[in-house]
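Derivation of every value follows stated rules applied to the coordinates shown; laboratory data play no part. Just so it is clear, the model here is predicted, and its values are computed rather than measured. Please note: Cβ atoms are built from the backbone with ideal geometry, for glycine as well, and neighbour counts cover all protein chains shown.
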Amino acid sequence: MESTITKRQSVEVKVGTIGIGGDNPIRIQSMTNTDTMDTVATARQAIALAEEGCEIVRITASNTTSAENLYEIKNEIAKHGYDIPLIADIHFNPKAAEIAAGIVEKVRINPGNYIDRNSNGHSFSDKDTSDEIKRISERLYPLIEICKRHKTAIRIGTNQGSLSQRIINRYGNTPLAMAHSAMEFVRICRSFDYNQLVLSMKSSNVRTMSLSTRLLVGMIDSEGCDKYPIHLGVTEAGEGEDGTIKSAVGIGSLLCLGIGDTIRVSLTGDPLAEIPVAKSILQASGCRTYKAEIVSCPSCGRTKYDISSAVRQVKEKCGNLKGIKIAVMGCVVNGPGEMLDADYGYIGSLEGKVHLYRKGKVAFANVEQEKAIDILLQMINEDSK
Ligand code: SF4
């Protein structure tokens, strides 16, 4: 049964050769964790990420020297025959952003720390706020001009952990504050007629990340802005299983609402490990297909064959068959009904025996389990001819 939720129709923003938003597939991106001044190591990791299926790579540029070194990294990547688009990750340093914008395809800036002054705890009047926004606008203008000239995109990437004191004083440290923080920058960009924007709301709290993103989408729509693409990610999600689950809940739930144009799964450790997780989240939420979809029941007292080894075998032999759905079920009581939309079914029947289904109908009845995987593969091969 098809989901009735449709994807939020965003505009396309080009990041080099890769489009984000519009009719493009939801893009996978990641970030290197090498020293940006180590050109070879950073280029090597960016290439490894691209080989794994990452479509855009972000590299930190913490000062003007590392921003300049992005040029060397880009050349080193090109030397190996790759043209993966790069993003410079900037905090606190407008000058580094301006240098990077002439080199890489996209610059990520954080509205919480791009130039905002620390308010030292005093509250801002409306006049103070408008003066501050004017100051931000003047400081953002050179970056926007460079981005226009070089067709460089900008991500306005708000993090809950680095909101400016000014914004916190006004809205509290809340999802609403996060959305307002980004919208100030959006309005400034629009005032300079610059719209190559991607927006993100990140927090290590999944509910905050989700609510702030939904608030932001509402503000974009109510102000009549272009429907800028949305970047999704749970920041500091953690490592391993915990980080994977947090990312899946935060990113996946928004994708299921039709929100999101590019995703980054943040896991502590080797960034290469993020890519299979990102692919699984996209596949599980029905956004992209990378492998066969294999569903299986948990099994129960009705299961009369070794379903665990059957699932392992089916995954091993058929997992790479992108675009087909195979259901492995424990019994014929509930199995057939639960797997109606599967292309193939592998369902327990008598002791140690299974039925093999094709498009909801029994193709082979009471097959010995040992022979079932070969017969299933034969069926799939015949059908693919
Ligand atoms: S499909 Fe059959 S074996 Fe599997 S959980 Fe349901 S009733 Fe039990």
Radius 11 Å from Cβ of VAL104, net charge of other residues (Lys, Arg +1; Asp, Glu -1)
+2
If you bin every alpha carbon distance in the range 123-224 into 5 Å steps from zero, what whole percent lands in each bin?
2, 13, 22, 23, 20, 14, 5, 1
Cα shape, the range 53-169, gyration tensor, a/c 1.5 rule
prolate
Rg over Rh of the range 157-276, using C-alpha atoms and the Kirkwood radius, what does it come to?
0.98
Using helices alone, what [θ] at 222 nm do you get for the chain, with -39,500 (n - 2.57) per DSSP H run of 4 or more residues, divided over all residues and rounded to the nearest 500?
-13500 deg cm²/dmol
Relative contact order of the range 293-384, please, whole-number percent, based on alpha carbon pairs below 8 angstrom and at least 6 residues apart.
24 percent
Extended-chain gain in nm, criterion 0.36 nm per residue less alpha-carbon gap, THR17 and GLU236:
75.9 nm
Ellipsoid semi-axes in whole angstrom, largest first, where each is sqrt(5λ) of the Cα gyration tensor of the range 293-384
18, 13, 13
Expressed in nm to one decimal, what extension gain is obtained for the pair SER191 and ASN334 from 0.36 nm per residue of sequence separation less their Cα-Cα distance?
45.5 nm
Between helix 175-191 and the chain, what is the angle of the helix's C-alpha long axis to the longest principal axis, kept within 0 to 90° and rounded to the nearest 10?
60 degrees
Ranked by GNM mean-square fluctuation in the chain (Cα springs under 10 Å), the top entry among GLU55, GLU184, GLU223 is GLU223
Take the alpha-carbon centre of the range 303-344, take the same for the range 66-95, and report the distance between them in whole Å.
45 Å
Between ARG312 and SER62, what FRET efficiency comes out of the Förster formula 1/(1 + (r/R0)^6) with R0 = 30 Å and r the beta carbon distance, rounded to 0.05?
0.10
Considering only the chain, what is the antiparallel percent among its DSSP beta bridges, to the nearest 5?
25 percent
Please state the equivalent ellipsoid semi-axes for the range 28-115: what are the square roots of 5 times the Cα gyration tensor eigenvalues, largest first, in whole Å?
21, 13, 10
What list do you get for LYS317, LYS14, LYS246, LYS202 if you sort them by fewest beta carbons within 10 Å?
LYS317, LYS14, LYS246, LYS202
When the dipole is taken about the Cα centre of the chain, and only Lys, Arg (+1) and Asp, Glu (-1) are charged at their Cβ, what size is it in debye, to the nearest 20?
600 debye
Point-charge dipole on Cβ atoms (K/R +1, D/E -1) for the range 275-359, about Cα centre, debye to 20:
240 debye
Cα centroids of the range 208-225 and the range 228-279: how far apart, whole angstrom?
19 Å
Percentage of interatomic Cα-Cα distances in the range 229-385 larger than 29 Å:
31 percent
When TYR114, TYR290, TYR346 are ranked with the fewest other C-beta atoms within 10 Å first, the list becomes TYR290, TYR114, TYR346
Give me the angle, in degrees from 0 to 90, between the Cα long axis of helix 369-384 and the longest principal axis of the Cα atoms of the chain, rounded to the nearest 10.
60 degrees
The chain pair-distance distribution - Cα-Cα, 10 Å bins, rounded %
5, 21, 27, 21, 13, 9, 4, 1
Hey, which of these cross-link pairs are over 25 Å Cα-Cα: LYS279/LYS325; LYS7/LYS202; LYS279/LYS371; LYS14/LYS127; LYS246/LYS291; LYS279/LYS315?
LYS279/LYS371; LYS14/LYS127
Where does helix 126-150 land angle-wise versus the long Cα axis of the chain, in degrees 0 to 90, nearest 10?
70 degrees
May I ask you to derive the relative contact order of the chain, considering only C-alpha pairs under 8 Å and at least 6 residues apart, and to give it as an integer percent?
13 percent
